[in-house]
Amino acid sequence: MRTTHSLFQEVTLELPYTPPFDWEGILRVLRLHQMDGVELVTDLAYERVFHLEGKRGFVRVTHHAHARSLRAQIFFEDENAIEIVRKKIQRMFDLKTDMSKLDAFFMQFPAANLLWRARPGVRLASGWDAFEVAINTVLGQLVSVKRANALVKQLIHMSGEQMDHPLTGAQIALFPSAKKLAQADLSALGTTAMRKKAIKHVATLVEGHQMVLSDTNIAALKKQLLGIPGIGPWSVEYIALRALGDPDSFPGSDLGLKKELAKHPEIHVAHFTPYRSYLAVCLWNHYIAGY
């Protein structure tokens, strides 16, 4: 459905999925890492403003279980780029997962299968933009989620892209582009000098097209990221999982994952390739639930 809203085209997309679908689980992850002023995650919807190919936009995603779909209401200045938005949402909510394959795979491992079935419809919740997630991951190394979110908020306040909200007209700041972040003065940012250098390094590589944050060659990207001082194995695996939706990444040094694996010595992570990311989500879900 398309209508006109001021300077923006309003487009509503119905994005189907194969059930079951853990909508609440995805919202929980997105809410945990939401960027205040840019994103809003409620019990019913995910919303955000965005800047894509030089154009402003706003998207609101809701769940329609009876239709087995997500509904995305999009306000965007460039209707021709709506397909890019569609693909972002499909990746973000992991809508193309073949649940029958995953069910059959996890059924081979009794202990993991119990975790898998504890929350039917496990998905990999990814971020809207891979560069955002990569930088936020570096900021979140070895600090609490609360502290990481505060650092992201500070970074946006310091260097964010200024724009008017597409619906309200209020001035807001978006996450800084690679170009802006590569040139930014990060001296006041409340993190270590090493992480500041790592952030600048990633931004410079992305801006110069020397690093491509995509799933086309995950192994090569992981190697490139790991070669940057200040970025460790946890961040590399987490970026692949959360930024790119890679199904086979496992940030094994994560405290929650280590605690859950200690409870389940019969689970050997190496056996879960090519779906180690889904194992990680199952273990995190179990850890959060406090079983």
* Asked: In region 155-172, how many residues are out of contact with any helix residue (DSSP H, G or I) (no Cβ under 9 Å at 6 or more places or on another chain), at pLDDT 85 or above and polar (S, T, N, Q)?
  -> 2
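Every residue, every condition in (1) on the phi < 0 side of the Ramachandran plot; (2) aliphatic (A, V, I, L, M), yes or no:
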residue	(1), (2)
ASP36	yes, no
VAL41	yes, yes
ARG48	yes, no
GLY54	no, no
HIS64	yes, no
ALA67	yes, yes
ARG71	yes, no
GLU77	yes, no
GLN90	yes, no
* Asked: Can you tell me which of GLN73, GLN90, GLN9, GLN34 is outside any loop (DSSP other than H, G, I, E, B), within 30 Å of TRP116 (Cβ to Cβ) and of a type in the set (S, T, N, Q)?
  -> GLN90
* Asked: Can you name the residue in region 160-175 that is part of a loop (DSSP other than H, G, I, E, B) and free of Cβ contacts under 8 Å to residues at least 24 places away in the same chain and, of all such residues, is nearest to MET92 (Cα to Cα)?
  -> GLY160
* Asked: Could you give every pair whose Cβ atoms fall below 9 Å, whose first residue belongs to region 95-123 and is part of a loop (DSSP other than H, G, I, E, B), and whose second residue is among the basic types (Lys, Arg) and at pLDDT 95 or above, counting only separations of at least 6 or pairs across chains?
  -> LEU95/ARG123; THR97/ARG123
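Within region 62-71, does at least one residue satisfy the condition of being under 30 Å from GLY169 (Cβ atoms) and either surrounded by 18 or more Cβ atoms within 10 Å (Cβ to Cβ) or at pLDDT below 95 (or both)? If you could, list the steps in order and put the result at the bottom.
Initial filter on region 62-71 (under 30 Å from GLY169 (Cβ atoms)): 62-64, 70-71.
Now narrow it down to the ones that are either surrounded by 18 or more Cβ atoms within 10 Å (Cβ to Cβ) or at pLDDT below 95 (or both): 63, 70.
Looking for residues that are under 30 Å from GLY169 (Cβ atoms) and either surrounded by 18 or more Cβ atoms within 10 Å (Cβ to Cβ) or at pLDDT below 95 (or both), one finds at least one in region 62-71, hence yes.
Quick one: which of LEU115, LEU124 is at pLDDT 95 or above, within 28 Å of PRO274 (Cβ to Cβ), more than 19 Å from the chain's Cα centre (by Cα) and crowded, with 19+ Cβ neighbours inside 10 Å?
Numbers: LEU124 fails: more than 19 Å from the chain's Cα centre (by Cα).
When all the criteria are applied, what remains is LEU115.
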* Tally time: how many residues in region 124-138 are assigned to a loop (DSSP other than H, G, I, E, B) and among the β-branched types (Val, Ile, Thr)? -> 0
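Evaluate region 46-61: report whether one residue or more is among the small types (Gly, Ala, Ser) and farther than 19 Å from TYR278 by Cα.
Yes, region 46-61 contains a residue that is among the small types (Gly, Ala, Ser) and farther than 19 Å from TYR278 by Cα.
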* Structure fact -> Of the residues in region 220-273, those that are surrounded by 17 or more Cβ atoms within 10 Å (Cβ to Cβ), of a type in the set (Ser, Thr, Tyr) and part of a loop (DSSP other than H, G, I, E, B) come to SER249
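The values are calculated or read from the model by the stated rules, or taken from the named source; none is laboratory data. Everything numeric here is computed off the predicted structure, so don't read it as measured data. When we count neighbours, we look across all protein chains shown, and the Cβ atoms used for this are built from the backbone with ideal geometry, even at glycine.
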